[in-house]
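**Student:** One structure, as C-alpha cells, below. Some questions next.
The values are calculated or read from the model by the stated rules, or taken from the named source; none is laboratory data. Note that this is a predicted model, so its numbers are computed, not measured. Neighbour counts are summed over all protein chains in view; Cβ atoms, including those assigned to glycine, are modelled from backbone coordinates with ideal geometry. Just the protein is used for accessible areas: all its heavy atoms, side chains included, with ligands, DNA and RNA removed. Shrake-Rupley method; radii C 1.70, N 1.55, O 1.52, S 1.80 Å.
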Amino acid sequence: GKGVAARVDAALRREHPQLASQLDALCTALETSLLPTVAERLLAAVHEVVLLGLSVTPSPPDAPPAAVTDALNKIGTAFGLSSGKLARADNPETRALAVGWGAALLRECIASPPPTLSELLARLEAVRAGLATELAAAPRVARVDGGAWRMLLSQQPLVEVPGQYEAGLEPAMEQLAVIDRIAPGVTVVRDAASGATQRRFVLLSDSLTRHTFYLNGPSPLRPHASLSVERLSQLLRLLTRRLLRYRETRRRAVTLALPLSMRINDRGVMLCECDPSETSLASVLHAARSAAGLPPLGPALTHQRTLSRGVAPPDEEARRERLRQAYDDACRGV
C-alpha cells in the first residue's frame, strides 16, 4: 500500500541520499523528454474509440451506444477540449492542435454527434487519419534531456538496471548491473494498429549491455491500466512459481511473464521494456494499407456500415445471407 511505499521511500532518502537524488533526476528527465505529446495521446485515444465502436455488434437502427459517447466525453474532458483549456496552452503546437483537429473532434463528434454509429465512426476516422498524417511528417528521432545523462556521467553510477528482480530472486552482487549512461538518441515509433506512440531509448549498463525502454502514460479511457498490468505481472509470477514445482515444467523451462513494466510515479507513468524489432501482424497490415494509399480500417468500417443499414431480417437464412453479403463487401476492400 501507499503507507509501505512511503516508508521505503523515506528510508531510501535517509540512508542513500545520493541514490535517491539520481533516481529523482533520472525519472524527471525521462518523463519530461520521452512521454508522448498531447497530439500523440489524442491520436491514440481517438483510435481507441474507433476500435470500441467497431467492437459493437452492428444492427439497425445503428444508434451510437452509451459506451462510445461516454468515451468521447471523457476525451473531451481529459484533453481540455470541452472547457477550452487546450486552446489556452503555453505550447504553440498544442494551441494549433486545439483549433485544428481538436476543434473538429469537439464539433463533429462530441458536442453534436450524428444520430448513427456509422456516421460517427466515419467522422472519427477522418479525425484519426488527419492526425496520423500530420504526425507522420514529424521527425522520427528525438533526444533525451541532456541533464540526465550528463549527471550520470559525472557521478558514480548507483541506479540499477530495471528488471533484475523479476524472477523473484535477488541477483548476486557481482552480477548486479547498474545504469552507466543513457544513449542520447531516441527513436519515435508509432503503432499503426493502435495509434500509440513510443519514444524508445537505450540504457547502457556498466556491463556493456543495452536495454531498450519507452514510457507509457495513462489513457483517459483506461486511467488505471498501469495497476492492471502490475497485478497481471504479479499473478503470472505466482503461476510460474507454482508451475516450477513440477519436474516436467522445470525440464521444459515453462514460464509465464509479461514484458517488464513498472510505475515511476504516482501519476500512472510506466517504464516499459521492449524489443527494438517487435511488431504485430495488425500493425504490419495497417502500415501496408497506409503505404498503398488505402484506409487502414476501411474493410472493418465497410462491414459495420453494411450491417447497420435497412431492417434486420426475421428468418435465419436471410440473416446468414445478410452477413455473407457484408463479408463480401468488406473483402472487396482488402
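**Student:** Count, please, the residues in region 9-27 that happen to be free of Cβ contacts under 8 Å to residues at least 12 places away in the same chain and under 29 Å from the mean Cα position of the chain (by Cα).
**Tutor:** Restricting attention to region 9-27, the residues satisfying the condition of being free of Cβ contacts under 8 Å to residues at least 12 places away in the same chain are 9-15, 17, 20-21, 24.
Filter once more, so that each one left must be under 29 Å from the mean Cα position of the chain (by Cα): 9, 20-21, 24.
Residues meeting the conditions: 4.
**Student:** Quick check on region 180-208: of everything there that is closer than 13 Å to GLU160 by Cβ and open to solvent by less than 30 Å² (accessible area, probe 1.4 Å), which residue is nearest to the chain's Cα centre (by Cα)?
**Tutor:** Pass one, region 180-208, residues closer than 13 Å to GLU160 by Cβ: 180, 203, 205-207.
Next cut, open to solvent by less than 30 Å² (accessible area, probe 1.4 Å) only: 203, 205.
Working: LEU203: 21, SER205: 26 Å.
In this case the residue turns out to be LEU203.
**Student:** Look through region 42-78, keep the residues that are in contact with a Gly (Cβ under 9 Å, 6 or more places away or on another chain) and assigned to a loop (DSSP other than H, G, I, E, B), and return whichever of them is farthest from LEU221 (Cα to Cα).
**Tutor:** PRO60
**Student:** Just the residues that are open to solvent by 60 Å² or more (accessible area, probe 1.4 Å), among the charged types (D, E, K, R), within 17 Å of GLU166 (Cα to Cα) and touching a residue at least 12 places away in the same chain (Cβ under 8 Å), please, taken from region 209-252.
**Tutor:** Within region 209-252, ARG237, ARG241 qualify.
**Student:** Which condition breaks for SER154 when tested against (1) modelled with pLDDT of 85 or more; (2) of a type in the set (S, T, N, Q); (3) over 30 Å from VAL38 (Cβ atoms)?
**Tutor:** (1)
**Student:** Next question, about the same structure. Among the residues of region 62-79, count how many are open to solvent by 50 Å² or more (accessible area, probe 1.4 Å) and touching a residue at least 60 places away in the same chain (Cβ under 8 Å). Steps first, please.
**Tutor:** First pass over region 62-79, keeping only residues open to solvent by 50 Å² or more (accessible area, probe 1.4 Å): 63, 66-67, 70, 73-74, 77-78.
Then keep just the ones that are touching a residue at least 60 places away in the same chain (Cβ under 8 Å); that gives 74, 77-78.
So the answer is 3.
**Student:** Looking at region 28-41, I want the residues that are assigned to a loop (DSSP other than H, G, I, E, B) and have a partner that is crowded, with 21+ Cβ neighbours inside 10 Å with Cβ atoms under 6 Å, at least 6 apart or on another chain. Which pairs are those?
**Tutor:** The qualifying pairs are PRO36/THR197.
**Student:** Same structure again: How many residues, within region 287-305, are open to solvent by 30 Å² or more (accessible area, probe 1.4 Å) and in contact (Cβ under 8 Å) with a residue 60 or more places away in the chain? Before the answer, list the steps.
**Tutor:** Looking only at region 287-305, we keep the residues that are open to solvent by 30 Å² or more (accessible area, probe 1.4 Å), and these are 287-288, 290-295, 300, 302-303, 305.
Pick out the ones that are also in contact (Cβ under 8 Å) with a residue 60 or more places away in the chain and you get 287, 290, 295, 300, 303, 305.
Matching residues across region 287-305 total 6.
**Student:** Would you tally the residues in region 28-58 being of a type outside the set (Val, Ile, Thr) and either open to solvent by less than 40 Å² (accessible area, probe 1.4 Å) or touching a His at 6+ places or on another chain (Cβ under 6 Å) (or both)?
**Tutor:** Step one: of region 28-58, the residues of a type outside the set (Val, Ile, Thr) are 29-31, 33-36, 39-45, 47-48, 51-55, 58.
After this cut, where a residue has to be either open to solvent by less than 40 Å² (accessible area, probe 1.4 Å) or touching a His at 6+ places or on another chain (Cβ under 6 Å) (or both) as well, the list is 29-30, 33-34, 36, 39-40, 42-45, 47, 53, 58.
Summing the residues that are of a type outside the set (Val, Ile, Thr) and either open to solvent by less than 40 Å² (accessible area, probe 1.4 Å) or touching a His at 6+ places or on another chain (Cβ under 6 Å) (or both) in region 28-58 gives 14.
**Student:** If you don't mind, another one. Here's a check for you: in region 253-283, which residue that is farther than 25 Å from ARG222 by Cα and among the β-branched types (Val, Ile, Thr) is most open to solvent (accessible area, probe 1.4 Å)?
**Tutor:** Filtering first and then ranking leaves THR255.
**Student:** Which one of these is at pLDDT 85 or above and surrounded by fewer than 15 Cβ atoms within 10 Å (Cβ to Cβ): ALA136, ALA126, ALA177?
**Tutor:** Working: ALA126 fails: surrounded by fewer than 15 Cβ atoms within 10 Å (Cβ to Cβ); ALA177 fails: surrounded by fewer than 15 Cβ atoms within 10 Å (Cβ to Cβ).
Sole residue among the options that is at pLDDT 85 or above and surrounded by fewer than 15 Cβ atoms within 10 Å (Cβ to Cβ): ALA136.
**Student:** I've got another one for you. Among (1) assigned to a helix (DSSP H, G or I); (2) under 23 Å from the mean Cα position of the chain (by Cα); (3) at pLDDT below 95, where does LEU81 come up short?
**Tutor:** Result: LEU81 fails condition (1) only.
**Student:** Report the residue count in region 313-328 for those that are within 19 Å of SER55 (Cβ to Cβ) and open to solvent by less than 80 Å² (accessible area, probe 1.4 Å). Even if it seems obvious, please write down each step before you answer.
**Tutor:** Of all residues in region 313-328, those within 19 Å of SER55 (Cβ to Cβ) come to 323, 326-327.
After this cut, where a residue has to be open to solvent by less than 80 Å² (accessible area, probe 1.4 Å) as well, the list is 326.
Result for region 313-328: 1.
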